[in-house]
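Data first, discussion second: the structure below is written as structure tokens.
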Amino acid sequence: MSKSFLLALLTTMTLSVSAQQTVQIRVNQVGYYPDQEKTAVVEGINQNTKIVFKNEKGKSVLKTKPVRMAKSPWGDKERYIVDFSSLKKPGNYRMEVNGQSQAFTVRNGALNDLSRAALKLFYLIRSGVPIEKEFAGEYARPAGHLDTHVLVHPSAATEQRPEGFVISSPYGWYDAGDYNKYIVNSAYTVAVMLLSYAENEAYYKGLDTHIPESGNGTADLLDEVMFNLKWMLTMQDPNDGGVYHKLTTPNFEGFIMPKDCQQQRYVVAKSVTATYDFAAVMAQAARIFRGNPDYAGFAAQAEQQAVKAYQWAQANPKAFYNQMALSREFKPAVNTGTYGDFNAQDEQFWAATELYLLTRDGSYLADARNSMPKAFTTPTWGMVASLGALEWVKSANEPLTQEMRNQLKEYADKRIEKVGESSFQAPFGDSKGDFGWGCLAEQCCMPAIALLYADKYLDKGKYMVHAMQNVDYMLGRNALGYCYVTGFGQKSPMHPHHRISEADGIEAPFPGMLVGGPNAGQQDKGAGITYLSNLPDESYLDVMDSYASNEIAINWNGALVALLGWLDAIY
């Protein structure tokens, strides 16, 4: 054993022992608004530990002690909640505890840069066009996946469009760490962002993300959404109204740049879930874009295609996407993301809701009543009923408004009831069920958005603070001390499961990407991934191969955009 290796080993051991004894301070690493609740979570102290806050000149501005102990739901870890809400003056501060310190910022527009970056990410992941240096800087790249020569897969063949029929289906966003485009997830992502836009129109009109369309009179969020909607319109078979489930290669591409990808791309089987989702988001978008001069004619086209899609879905209620069965029957076999879902009642409710609000046709209202959910559930790509429910919640004096508001109230009250006992002073993070695939979006961001609806339409002032608590968790006040959005905070992911960020030769990944986050399932463990902990809230690795905890996806970033923009608009 060499002296240098022995020295390195001893140093590592010393640091490891020291780390076990070190105070750990967890704060929101991006910034606090002057008037928001401000808390930190600290390990390695006790109830009587003195805590000092100093300004950037080193002057003490606050001395306090923890307000309560918070025990971890898993194991014996004891943490302490420190409240410093009284620090309202904008500035840079340090929190000092037993010789350890943590920097943080209080400022107006605390989340504005992050909100802008989260939305700008969608420009960086556009498909089929060059990403230009003027708008992307070092992340500029040539066009890939033009998708002007896409084949109809045998699973999608019809008499009018037989196997091998060529269609053009350009634009859209790359879905996640891969390069394919999926209707189910695209519809969900667009819908979530449009919901937030509808609540905060003035804010988004002022949010300039420096994309090619900026300055055209339309909010950048709407311009970005339109880039994906244009692709979605091409995914409907004009002969019958059905919508292809996805545009994909047979197998995932390697970790190479888009321009280097060579596999043939296909549109694959029409599905009832994709078709209802398409109908829903087109109807929603038609209402929002109606009268928009930059996209004249879109609203009428979207409405027409939404109606036709709804009719196909009603006529094909069992057309579920079953990739395993399709790959046994048709060649080439398709092995990419499935977005499989074998219950379309929630999709029908969402679509019927949006089409009723667009057309006022009573048949859609009747369908919405018949498919109405019995309880409000957290919106996800596979459980979209609540996207429709939120439309009713915001619509005063509509037929289903009160029922949906009652459901939302029950959900929101349940979400916040144990915050005062939680380990990280947030509605998120104390249940093993909180930590699954994409949890930071699906169990952290989306419930927070629901709480913002509850605060606005049910009980002003009751729920908003809890939505912000989930943001604080995501941005650093958590078990591992990560700000889980790339490019922000003192400790953020550097190696997400994302093909472009891995292949582009640039050290830093695209900024503004929300990673999936801790995943108790650890589904990638058998692929050479070794997690450092089996605790649910510590089941995360910042390595490229960890697709279960460190992938990115449009639906996750859509939730981030919607939540951050709404909160920034409020504050």
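Since every read-out is calculated from the coordinates, none of them should be taken as a lab result. Keep in mind the model is a prediction, meaning the values are calculated, not measured. Ideal geometry is used to build each Cβ from the backbone, glycine not excepted, and the neighbour counts take in all protein chains shown.
General remarks:
- Over region 138-196, relative contact order from alpha-carbon pairs under 8 Å, at least 6 apart, %: 25
- Gap separating the Cα centres of region 302-362 and region 472-521, nearest whole Å: 33
- Trypsin sites (Lys or Arg not before Pro) within region 255-318, DSSP loop, no more than 16 other Cβ atoms inside 10 Å: 290, 318
- Rounded to whole Hz, the Karplus (6.51, -1.76, 1.60) HN-Hα couplings of region 418-431, x for glycine and proline: 10, 4, x, 10, 6, 7, 10, 6, 7, x, 9, x, 10, 10
- Across the chain, C-alpha contacts under 8 Å between residues 6 or more apart give a mean separation that, scaled by the residue count, equals a relative contact order of 15 percent.
- In order along region 98-111, the Karplus-derived 3J(HN,Hα) couplings, from 6.51 cos²θ - 1.76 cosθ + 1.60 at θ = phi - 60°, round to 6, x, 9, 9, 9, 7, 7, 10, 10, 7, 5, x, 4, 9 Hz, and Gly and Pro are given as x.
- Summed over qualifying helices (DSSP H, 4 residues or more, each -39500 (n - 2.57)) and divided by its residue number, the chain shows a 222 nm mean residue ellipticity of -11500 deg cm²/dmol.
- Here the relative contact order of region 281-325, from alpha carbon pairs under 8 Å that lie six or more residues apart, stands at 33 percent.
- Dipole check for region 98-236: with +1 at the C-beta of Lys and Arg, -1 at the C-beta of Asp and Glu, and the Cα centre as origin, the magnitude is about 160 Debye.
- Backbone phi angles across region 554-569, fed through the Karplus curve with coefficients 6.51, -1.76 and 1.60 (θ = phi - 60°), yield HN-Hα couplings of 5, 5, 5, 6, x, 5, 4, 4, 5, 6, 5, x, 4, 5, 5, 5 Hz in residue order; Gly and Pro are listed as x.
- Dipole check for region 474-571: with +1 at the C-beta of Lys and Arg, -1 at the C-beta of Asp and Glu, and the Cα centre as origin, the magnitude is about 180 Debye.
- Taking a Cβ cut-off of under 12 Å around residue 557, the surrounding Lys, Arg, Asp and Glu residues balance to a net charge of -2, with basic ones at +1 and acidic ones at -1.
- Both the radius of gyration and Dmax for the chain are 24.3, 82 Å, in that order, over alpha-carbon atoms.
- Charge dipole (region 282-383, unit charges on Cβ, about Cα centre) - positive-most of 299, 353, 317: 317
- Low-density loop cleavage sites - trypsin sites (Lys or Arg not before Pro) in region 468-512, where at most 15 other Cβ are within 10 Å (DSSP): 491
- Loop-located GluC sites (Glu not before Pro) in region 59-168 whose Cβ has at most 15 other Cβ within 10 Å (DSSP): 132, 159, 163
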